[in-house]
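First up is the structure itself, then whatever we jot down about it.
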Amino acid sequence: MSEQSNADCIFCKIIAGEIPAAVIFEDDDVVAFCDAFPAEQGHALVVPKAHHPDVFALPEALVAKVNIAAQRLALAQRKALQPDGLLVTQFNGEAAGQTVFHYHVHCLPRWAGSDRATHGRAQANPDDLKAMAERIAAALD
Ligand code: AMP
Ligand code: ZN
């Protein structure tokens, strides 16, 4: 299944402006915003604006665009937050840990001694997410 937008998809709703997100940057094809249930400080996602469920469905041109955007985001997170490491990853299918079936790449800063979870348990305060998005955006090249 691949389509421009899916009425039941939470990320399509963010892209359509129907629900809020702490956006870090966007262009015609991709948007980067803070994960609402961060596994670490600064956890953010890069999402193509068109609805494609997973890596198997993603057109090659978007594979390139999303990953270029993920590198741009990771560089800004590193500059803004100075983590010890930074995980760039994505999940395909429930068995692999995917919970939102609109392709996305996680950019997840890591600090030494963290528990290495890839999903957070608690929803972050929207004002804190907005402040984090602004902090990362200020470090974009
Ligand atoms: P995945 O398991 O790779 O499908 O991850 C989906 C991610 O989306 C999780 O890390 C969630 O915390 C995150 N998420 C779910 N709903 C929202 C939302 N409304 N805004 C931002 N992030 C979200
Ligand atoms: Zn979608």
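The values are calculated or read from the model by the stated rules, or taken from the named source; none is laboratory data. Note that this is a predicted model, so its numbers are computed, not measured. Neighbour counts run over all protein chains shown; Cβ positions are idealised from the backbone, glycine included. Quick note on the areas: whole protein, heavy atoms, side chains included, nothing else; ligands and nucleic acids left out. Shrake-Rupley method; radii C 1.70, N 1.55, O 1.52, S 1.80 Å.
For this structure, a couple of remarks:
- Qualifying position, being modelled with pLDDT of 95 or more and under 24 Å from GLU3 (Cβ atoms), among ALA61, ALA76, ALA80: ALA61
- Output for segment 24-55, where each listed residue is assigned to a loop (DSSP other than H, G, I, E, B) and within 11 Å of ligand 2 (Cβ to nearest atom): LYS49, ALA50, HIS52, PRO53
- Look at segment 28-57: where a residue is at positive phi and a partner is assigned to a loop (DSSP other than H, G, I, E, B) and away from ligand 1 (no atom under 11 Å from the Cβ), sitting 6+ places away or on another chain with Cβ atoms under 9 Å, you get GLY42/PRO83.
- Selection from segment 12-23 of residues that are more than 7 Å from ligand 1 (Cβ to nearest atom), among the hydrophobic types (A, V, I, L, M, F, W, C) and not in a loop (DSSP other than H, G, I, E, B): CYS12, ILE15, VAL23
The rows are residues; the columns are (1) within 16 Å of ligand 2 (Cβ to nearest atom); (2) in a loop (DSSP other than H, G, I, E, B); (3) loosely packed, with under 12 Cβ neighbours inside 10 Å.
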residue: VAL100; (1), (2), (3): yes, yes, no
residue: TYR103; (1), (2), (3): yes, yes, no
residue: SER114; (1), (2), (3): no, yes, no
residue: THR118; (1), (2), (3): no, yes, no
residue: LEU129; (1), (2), (3): no, no, no
residue: ALA139; (1), (2), (3): no, yes, no
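- The residue of segment 64-90 that is least open to solvent (accessible area, probe 1.4 Å), among those that are out of contact with any Phe, Trp or Tyr (no Cβ under 9 Å at 6 or more places or on another chain) and over 21 Å from GLN41 (Cβ atoms), is ALA64.
- The number of residues in segment 1-41 being charged (D, E, K, R), open to solvent by 60 Å² or more (accessible area, probe 1.4 Å) and farther than 24 Å from GLN82 by Cα comes to 6.
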